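Each reported figure results from applying straightforward, stated rules to the coordinates on display, with no laboratory input. Predicted model, so just to flag it, every value in this text is computed and none were measured. With ideal geometry, Cβ positions are generated from the backbone for all residues, glycine too; neighbour counts draw on all protein chains shown.
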Amino acid sequence: MQKHSWLLSTLFLSLALFTGCSSSASSNAPEPSPTASEIAAPSSESTSPPAVSAAPAPESSTSPQDSTAETAAVQAATEYKNSEYTVKDYSDVLSEESIEQRNDAMRSYLTEDFYQNAVSTRYTSLPLQVVQKQQMSVKPENLKFTLTDGTKKDIVELKYNVDLVLLNQKGKENKRVPMEGILTMFNVDGQWLVQGDRFDNAAFNKLIN
């Protein structure tokens, strides 16, 4: 009887050990790896949009130095046009002496090449011809400049609009003539000078003819 009891105990102990080892082996087995389709597919639970890196803002094509140069060119052009289109006296303005004085007054605003051309073509005397013909003094108003695509380094091209105001003997406005044109400004040794003026020829012709 004792012999049978010993055999049964040994059998139960063997079964217990076998069951324990099987359970341990099952719990320590590695989990199966995901398939290729599972790796590639995005999570259906994710609702956040993909991150997008913002492109840097484009830099201005006009440097501070360019802006300063353009401002200086506009200032020089403004002084020139105000001086050119201001004529207070209309008596004997086309005399040789008067034209010579006029040329001298305009010379400081012009490049040497343009000055020589302006004198030979009598361009500088156009406002004098207006006051002589109209027997009225003139002055500019509403002078405005706009940069054109012709602006380059040391060259600034400006479109201008201006009202040429004709005043009677009492200084009262008698006529107002809108004009437009294009000034070409050159930087000569740090000074902005007029190299060309495509003035409103049609408007001047109506005043002097």
Requested in this report: Rank-order 73-80, 89-96 by packing density, defined as the average count of other C-beta atoms within 10 Å over each peptide's residues, highest first.
Outcome: 73-80, 89-96
Requested in this report: Report the local net charge at Pro140: Lys and Arg +1, Asp and Glu -1, summed over other residues whose C-beta lies under 10 Å from its C-beta.
Outcome: -1
**Report entry** Computed FRET value (nearest 0.05) for Ile182 with Glu96, which takes r as the C-beta separation and R₀ as 45 Å
**Finding:** 0.90
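Taking a quarter of the surface of the Cα convex hull of the range 52-209, what do you get in nm²? List each step's numbers first, then the result.
Numbers: hull surface 47.6 nm².
So the mean shadow area of the Cα hull is 11.9 nm².
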Report summary line: Per principal axis, largest first, the Cα atoms of the range 145-209 extend in Å by 45, 22, 20
Query - Amide proton proximity set for Tyr85, modelled H, under 5 Å, gap of 5+ - result: none
Requested in this report: Apply 1/(1 + (r/R0)^6) to the Cβ-Cβ distance of Asp149 and Lys172, taking R0 = 45 Å, and write down the FRET efficiency to the nearest 0.05.
Outcome: 0.65
Report task. Could you list the trypsin sites (Lys or Arg not before Pro) in the range 125-174 that lie in coil according to DSSP, counting only those with at most 13 other Cβ atoms within 10 Å of their Cβ? Result -> Lys153, Lys170, Lys172
**Report entry** Karplus-derived 3J(HN,Hα), 6.51/-1.76/1.60, for each residue of the range 71-77, Hz, glycine and proline x
**Finding:** 5, 5, 5, 5, 4, 5, 5
Requested in this report: Would you mind computing, in nm to one decimal, how far apart the modelled labels at Ser83 and Asn205 are, each placed 7 Å from Cα along Cα→Cβ?
Outcome: 3.0
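Please list, by residue number, every one of the chymotrypsin sites (Phe, Trp or Tyr not before Pro) in the range 123-209 that is coil in DSSP and has at most 12 other beta-carbon atoms within 10 Å. Before the final figure, lay out the partial values.
Details: sites: Tyr123, Phe145, Tyr160, Phe186, Trp192, Phe199, Phe204; in loops: Phe199.
When the chymotrypsin sites (Phe, Trp or Tyr not before Pro) of the range 123-209 are filtered for loop state and at most 12 Cβ neighbours within 10 Å, nothing remains.
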